[in-house]
Amino acid sequence: MLRFSPVVVSLLVGFVCSFDTRAGAADWEASFKTPPPETKPWVYWYWASDNISKEGITHDLEAMARAGIAEALIGNVDVNRKNRGKVKALTPEWWSMVVHAMKEGARVGVRVGFFNSPGWSQSGGPWIKPEHAMRYLTASETRVKGPVQFTGTLPAPAANFQQVAVLAYPAPTGDTDAITKYSPKIGSNAGGAAKAFDGDMKTEFMAPKGGDNSFQIDLEVFKPFTARSLILYPAAHLFKATCELQVQEANGGFRSIKKFEVDRHNPQPDLGPMHYGPVAVSFPDTTGTHFRLIFSKLDRDVGFTEIELTSGARLERYVEKQLGKMFQEPLPSWDTYMWPTQAEPDDKSTVIPLDQIKDLTKLVDAQGRLKWTAPEGEWIIERIGMAPTGSVNGPATPEATGLEVDKMSRAYVRDHFDAYAGKMLKMIPPIPPAKAGHIVADSYEKGSQNWTDGLETVFQKRYGYDPIPWLPVLTGRLVGSADQSERFLWDLRRLVADRIATEYVGGLRDVLHE
């Protein structure tokens, strides 16, 4: 029976030595010369890019035995794509190599264990179905003006979409009231800036890095415009920059409203499913006729599909706060996921009242068809559901690569185990416990997810309220208040973290102990 070790330090060779100071010097000196079995080192035994053979396996294990290595953990990794071998992962021939390694390890006295997944991160493979993968919430929007009998099909916002809820709520004041509605005069020292204000997400404005690593955009309107939020929609180009929003005052000078960093330099799915998700900031109501955006500290050319200066109230950094986009370097600081308190908007009609959100889920079929009598006013209908984050295990050869398993479902974690490590257990010959290896879950590099099957039930049990009516917050809108919207997303992040710990790490532990 293989045992589960939750963490094995990622060193090629390491050892631990201890001795009893009450023993004589000769005793512990002898223990250095002939270390006891429990102090022998373990190694990561990478089977690189399918370059394996039974002869090589035997030679490796015999060499390990001579060197005093206690255990070798097989990691099927792809680190030499230009020189891949012929023994393809997960084929019958490859499985026979695993069995051979276990037998030879038992023969020479080296325990043989293995990673719980192809690659060193983390728990995925071609056996993971989209509906069992890491998933996040996404939504489509349909606007309806009532009173009207609405009959139609609500679009699915993504492939492999699994509907969670359909909600309708009155459009908040200023929700679509962007400065572009007022035909602003657009000036910029970077050509083509008008493309960022044309309402078309398919057009791109690209500003070259230039000599001073900066550029600016001016927006002038004929009558005063009140702004509450700025939303930048990055184009699919990697970049980092600092942005400052200013407004011209009566004396002709410009006052800074907000200064912040725009960072979309790493679009990998392992850093969140919203690869180029919008960057949203909020600020106290600011009225003016001339606004200026200054972009500086450009690390390369900068691009946007849209820039939206709006009267609508938005939750600052709502993409990051829902785990749609995570810190894009390996080492976040202690305050990376802490944000300053957002001020409440002066106009309360810019906030969605919780008691006016209608749950239409039971009126919508699996194809998204809805029949609903909309009351008077403008209504936003959101079809909300799960889609895979796209994160896959790796680095693994193509035959061994697939979606990462849902980290908040014990049932799906068990299915993953059965498809890989469990399959190995059924193939290998009986091995005495003393000679059995471990299974290792190596470094976690697979990013975030924010929903799973039935999470609303777990959420309500944990926090005492239904999360479904609060889901419009994921679009950046405020529900109830800015404070309540912040608190909902905090609760969601906390629950995700706890479920990954208990259902994924705890789930792996429990199934392996069995």
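Figures for the structure shown
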| item | result |
| --- | --- |
| Restraint check, Lys185/Lys325; Lys40/Lys446; Lys258/Lys325, Cα-Cα greater than 25 Å | Lys185/Lys325; Lys40/Lys446 |
| Where Leu403, Leu315 fall by accessible area, highest first, once all protein chains stay in place (1.4 Å) | Leu403, Leu315 |
| J(HN,Hα) series, region 235-241, from Karplus relation 6.51 cos²θ - 1.76 cosθ + 1.60, nearest Hz, glycine and proline x | 6, 7, 9, 6, 5, 9, 7 |
| Local electrostatic count at Pro157 - Lys and Arg +1, Asp and Glu -1, tallied over other residues with Cβ under 12 Å | -1 |
| Residue-level accessible surface for Met97, protein heavy atoms, 1.4 Å, Å² | 10 |
| Charge dipole of region 360-489 about the Cα centre (unit charges at C-beta), most positive-ward option of Val413, Val479, Ile384 | Val413 |
| For region 271-281, Karplus couplings with θ = phi - 60° (6.51, -1.76, 1.60), whole Hz, Gly/Pro x | 10, x, x, 9, 3, 10, x, x, 9, 10, 10 |
| Dimensionless Rg ratio for the chain, taking C-alpha atoms and the 2.2 N^0.38 Å reference | 1.20 |
| Accessible surface of region 353-486, 1.4 Å probe, proportion on carbon and sulfur as whole % | 54 |
| Carbon + sulfur, % of accessible area of region 208-271 - ligands and nucleic acids excluded, 1.4 Å | 46 |
| Solvent-accessible area per residue, Å², over the chain with all protein chains present [probe radius 1.4 Å] | 46 |
| Placed amide H near Tyr420: partners under 5 Å, 5+ positions off or other chain | none |
| Three principal axis lengths of region 454-514 [C-alpha, angstrom, descending] | 47, 17, 16 |
| Rounded accessible area of Tyr44 (nearest 10 Å², 1.4 Å probe) | 20 |
| Sulfur and carbon atoms: percent of accessible area, region 87-143 [1.4 Å] | 54 |
| Hz values of 3J(HN,Hα) by residue in region 178-187 - Karplus curve (6.51, -1.76, 1.60), Gly and Pro given as x | 8, 4, 5, 5, 9, 6, x, 7, 10, x |
| Test item: Cα-centred dipole of region 170-323, Lys/Arg +1 and Asp/Glu -1 on Cβ, debye | 160 |
| Descending principal axes extents, region 288-414, alpha-carbon based, whole Å | 55, 49, 30 |
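The values are calculated or read from the model by the stated rules, or taken from the named source; none is laboratory data. Here the structure is a predicted model, which is why all the values come from computation and not from measurement. Note: ideal-geometry Cβ built from the backbone for every residue, glycine included; neighbour counts use all protein chains shown. Just the protein is used for accessible areas: all its heavy atoms, side chains included, with ligands, DNA and RNA removed. Shrake-Rupley method; radii C 1.70, N 1.55, O 1.52, S 1.80 Å.
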